[in-house]
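Peer 1: One structure, pasted below without further comment.
The values are calculated or read from the model by the stated rules, or taken from the named source; none is laboratory data. Worth saying up front: this structure is predicted, and the values here are computed from it rather than measured. Reconstructed Cβ throughout: ideal geometry from the backbone, glycine too, with neighbour counts over all protein chains shown.
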Amino acid sequence: MILQVRKPVVGFVEIFWMLIASIAVSGNPCFASVKIAVIGKTKNDSFYEQSFRGCEHFAKEYPTLECIYDGADDYQDVRTQVLIVEELVKKGIDGLLISTTDSKFLVNGALKQAQQAGIPVITFDSDLLPEHHAYRLAYVGTNNYDFGKALGRVAKKYRNQSGVQKYCIQSGHHTTPNLSARIQGVKAEFKNEARREGETGTKWMEHERCPLYTMGRREDALNQLLAMLKSPTPPVFIAVAGFAQFNPNYIARLTPHKEQIQNHQAIIISADTEQIQLAALKAGLATENVGQNPFQMGFRGAQLLYDAIMNKTQPKQTRYFLDFHYCQSHNTDTCTINH
């Protein structure tokens, strides 16, 4: 008698998953892995790290979506940013969420290649210049001109009422679009300040050594601030991004000037409200901060890119502006949420 061994019958569940696997391997976009790169002006920066977390938070709802994070290591290096994007394009990244350091350099060096490869781009925090908008789908972030005006309005509360008030603006890279727009906003707010009856001439004058440019280097930023504080009459100091306050030695090196700051003999107003900045503000080592929503920039930017990649849906707007907020020493625990 010959025994016949029957092969096991493949069940329905096994067949289903075999089909799923074959579809995924075939490159069907419904199952393929999607990679979105979040590129800040600098990588070692809690602001851009929050944007990356926003992307990751969105990705929790979509198992096939992966967010990756990169940027120039320690300062706003336009060449490094372009090299990073070039490499990502070569590797076949599916979407780019990027904060612009130098619009012309970025477009000519990398975003034209991305467009030719069919890779959608959303800018956040810092948009491309208007003449380069064809190389991105939309911008998500702060209205930077209005943000500059907000910084100016805060500064106006502390103006010397007895004469012309000097001010000093600290920025990063001189070609960065969002920072340039903020500088314009600050100056517009000062220019438009109403005069009291009998007053003539300007109320605000830029310090002869300003604006100051840091390239995002935190040690340079802190040294620039300290130099201004040592002036016989310090100008109102307005940083259009975190810069000096992102330096881990800020609190230690500003502590000798605490009385000067608390008595409003020195005014320090800064953009952004990262945790390291709020600690300094709470300690009385800054006057006021105006903050943004980097987490929401990452979340909304990833959402727009995912729709463009998977659903071929173009953003309904070209700009998605987010709110900003104000922090003083008394409300550092409640003025914002950092992720």
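Peer 1: Specify which of the listed residues (TYR158, TYR139, TYR135) is surrounded by fewer than 23 Cβ atoms within 10 Å (Cβ to Cβ), hydroxyl-bearing (Ser, Thr, Tyr) and in contact (Cβ under 8 Å) with a residue 60 or more places away in the chain.
Peer 2: Numbers: TYR139 fails: surrounded by fewer than 23 Cβ atoms within 10 Å (Cβ to Cβ); TYR135 fails: in contact (Cβ under 8 Å) with a residue 60 or more places away in the chain.
Within the list TYR158, TYR139, TYR135, the selection yields TYR158.
Peer 1: Of the conditions (1) in a helix (DSSP H, G or I); (2) touching a Gly at 6+ places or on another chain (Cβ under 8 Å), ASN108 satisfies every one except a single condition; which number is it?
Peer 2: With respect to (1) in a helix (DSSP H, G or I); (2) touching a Gly at 6+ places or on another chain (Cβ under 8 Å), ASN108 is out only on (2).
Peer 1: From ILE84, ILE68, grab the single residue that is in the same structural domain as LEU137 (by TED's automatic domain parsing), in a helix (DSSP H, G or I) and among the hydrophobic types (A, V, I, L, M, F, W, C).
Peer 2: Numbers: ILE68 fails: in a helix (DSSP H, G or I).
The match here is ILE84.
Peer 1: Evaluate the following for LEU97: is it within 21 Å of PHE52 (Cβ to Cβ) and either of a type in the set (Asp, Glu) or within 17 Å of the chain's Cα centre (by Cα) (or both)? So that I can check it myself, show each step before the final result.
Peer 2: On the way: within 21 Å of PHE52 (Cβ to Cβ): yes; either of a type in the set (Asp, Glu) or within 17 Å of the chain's Cα centre (by Cα) (or both): yes.
Judged against the criteria, LEU97 is a match.
Peer 1: With respect to THR176, determine if the residue is of a type in the set (S, T, N, Q) and in contact (Cβ under 8 Å) with a residue 60 or more places away in the chain.
Peer 2: Numbers: of a type in the set (S, T, N, Q): yes; in contact (Cβ under 8 Å) with a residue 60 or more places away in the chain: yes.
Answer is yes for this residue.
Peer 1: Those residues that are over 19 Å from THR233 (Cα atoms) and modelled with pLDDT of 95 or more, I need them from the stretch 198-214; list them, please. Can you show your working first?
Peer 2: Taking the stretch 198-214 as the starting set, the residues that turn out to be over 19 Å from THR233 (Cα atoms) are 198-201, 213-214.
Residues satisfying the conditions are TYR213, THR214.
Peer 1: How many residues does the stretch 94-112 hold that are surrounded by fewer than 20 Cβ atoms within 10 Å (Cβ to Cβ) and in contact (Cβ under 8 Å) with a residue 24 or more places away in the chain? Show your work before the answer.
Peer 2: Within the stretch 94-112, the subset surrounded by fewer than 20 Cβ atoms within 10 Å (Cβ to Cβ) is 104-105, 108-109, 112.
This time we only want the ones that are in contact (Cβ under 8 Å) with a residue 24 or more places away in the chain, so: 104-105, 109.
Residues in the stretch 94-112 being surrounded by fewer than 20 Cβ atoms within 10 Å (Cβ to Cβ) and in contact (Cβ under 8 Å) with a residue 24 or more places away in the chain: 3 in total.
Peer 1: When you scan the stretch 125-138, do you find a residue that is out of contact with any helix residue (DSSP H, G or I) (no Cβ under 6 Å at 6 or more places or on another chain) and either of a type in the set (Ser, Thr, Tyr) or assigned by TED's automatic domain parsing to the domain that holds ASN178 (or both), even just one?
Peer 2: No - not one qualifying residue is present in the stretch 125-138.
Peer 1: Out of the residues in the stretch 239-267 that are closer than 16 Å to LEU285 by Cβ, surrounded by 21 or more Cβ atoms within 10 Å (Cβ to Cβ) and in contact (Cβ under 8 Å) with a residue 60 or more places away in the chain, which is farthest from the chain's Cα centre (by Cα)?
Peer 2: Across the stretch 239-267, the extreme among qualifying residues is ILE267.
Peer 1: Can you give me the number of residues within the stretch 52-75 that are under 14 Å from LEU305 (Cβ atoms) and of a type in the set (Phe, Trp, Tyr)?
Peer 2: Adding up the residues that qualify gives 3.
Peer 1: Right, something else. Specify which of the listed residues (ALA114, ALA150) is assigned by TED's automatic domain parsing to the domain that holds ASN44 and either outside any loop (DSSP other than H, G, I, E, B) or among the aliphatic types (A, V, I, L, M) (or both). Give the steps one after another, and end with the answer.
Peer 2: On the way: ALA150 fails: assigned by TED's automatic domain parsing to the domain that holds ASN44.
Checking each option against the conditions leaves just ALA114.
Listed here are the residues, each with its yes/no results for (1) β-branched (Val, Ile, Thr); (2) assigned to a helix (DSSP H, G or I); (3) assigned by TED's automatic domain parsing to the domain that holds SER180.
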position: GLY216; (1), (2), (3): no, no, yes
position: GLN224; (1), (2), (3): no, yes, yes
position: ALA244; (1), (2), (3): no, yes, yes
position: ILE251; (1), (2), (3): yes, yes, yes
position: ALA266; (1), (2), (3): no, no, yes
